[in-house]
1. For region 155-173, name all the residues that are surrounded by fewer than 19 Cβ atoms within 10 Å (Cβ to Cβ) and within 22 Å of the chain's Cα centre (by Cα).
2. From (1) at positive phi; (2) surrounded by fewer than 17 Cβ atoms within 10 Å (Cβ to Cβ); (3) in contact with a helix residue (DSSP H, G or I) (Cβ under 8 Å, 6 or more places away or on another chain), pick out the condition that doesn't hold for residue 92.
3. What residue, among those in region 95-112 that are within 14 Å of residue 143 (Cα to Cα) and touching a strand residue (DSSP E or B) at 6+ places or on another chain (Cβ under 9 Å), is surrounded by the fewest Cβ atoms within 10 Å (Cβ to Cβ)?
4. Against the condition crowded, with 17+ Cβ neighbours inside 10 Å and within 22 Å of residue 158 (Cβ to Cβ), how does residue 46 come out, does it pass?
5. Cβ contacts < 8 Å: first residue without any contact (Cβ under 8 Å) to a residue 40 or more places away in the chain and on the phi < 0 side of the Ramachandran plot, restricted to region 150-175; second residue exposed (fewer than 15 other Cβ atoms within 10 Å of the Cβ) and part of a helix (DSSP H, G or I), any location; separation 6+ or different chain. Result?
6. Residue check, residue 99 against (1) farther than 30 Å from residue 68 by Cα; (2) touching a residue at least 24 places away in the same chain (Cβ under 8 Å), all met but one. Which one?
7. Given the structure, is residue 85 more than 15 Å from residue 199 (Cα to Cα), modelled with pLDDT of 95 or more and buried (at least 17 other Cβ atoms within 10 Å of the Cβ)?
8. Determine which member of the set 12, 16 is assigned to a helix (DSSP H, G or I), modelled with pLDDT of 95 or more and within 17 Å of the chain's Cα centre (by Cα).
């Protein structure tokens with residue numbers, strides 16, 4: 001999993017990393033849909049913070065880079081190595097047939113593919129604008145649901161220590177639009193909805 005849903009300069013990235021999902025809803029959802037604790041997990045494009053978080057939670061991790069969507073290369077992993085493959089934001093940006101085939105190759109029978117992306121319909125999407133994860137990816141004919149994934153939506157937050165901290169971050173990350181939005185906040189957090197697309201190897205997703 002990438003540490004963050006989009007690239008930021010280091011100081012802003014540190015601020016968002018400390019504010020994103022402080023309640024730990026995302027790793028709890030991964031465990032519920034996996035599980036991943038005490039399991040062999042291939043982590044796609046994992047940043048250092050998320051790698052540490054999942055390791056401390058008890059997952060046995062092997063890190064790999066995101067695949068080329070056209071299938072021009074695969075992972076140097078044996079068949080049937082993993083109980084779960086986990087990715088967020090940078091991995092599987094609209095999963096292709098080649099990506100799905102390589103993922104299924106490294107999963108054991110009954111293994112789980114868990115993909116985290118922004119869902120939208122929240123404060124954050126108002127700032128980031130029109131993105132495919134806010135529309136096409138969650139449709140029935142989209143790249144995930146059309147190939148057997150199901151979706152669980154997690155209602156998270158970006159939670160800052162104070163209104164001043166939130167305002168400083170929003171201005172730095174989003175400019176004038178962020179400043180304008182910060183002026184409307186009644187408490188130092190933004191609503192942030194996350195979609196976990198989940199699928200069992202060779203079949204459909206488990207019950208949502």
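1. Passing the criteria: 155, 159, 173.
2. Checking residue 92 against (1) at positive phi; (2) surrounded by fewer than 17 Cβ atoms within 10 Å (Cβ to Cβ); (3) in contact with a helix residue (DSSP H, G or I) (Cβ under 8 Å, 6 or more places away or on another chain), the one that fails is (2).
3. In this case the residue turns out to be 100.
4. So residue 46 fits the description; yes.
5. 167/179; 171/179
6. Condition (1) is where residue 99 drops out.
7. Here the answer is no, as residue 85 does not meet what is asked.
8. Working: 12 fails: within 17 Å of the chain's Cα centre (by Cα).
Testing whether each residue is assigned to a helix (DSSP H, G or I), modelled with pLDDT of 95 or more and within 17 Å of the chain's Cα centre (by Cα) leaves just 16.
The values are calculated or read from the model by the stated rules, or taken from the named source; none is laboratory data. Remember, predicted model here, so these are calculated numbers, not experimental data. For neighbour counting, all protein chains shown are included, and Cβ atoms are generated from backbone atoms with ideal geometry for every residue, glycine included.
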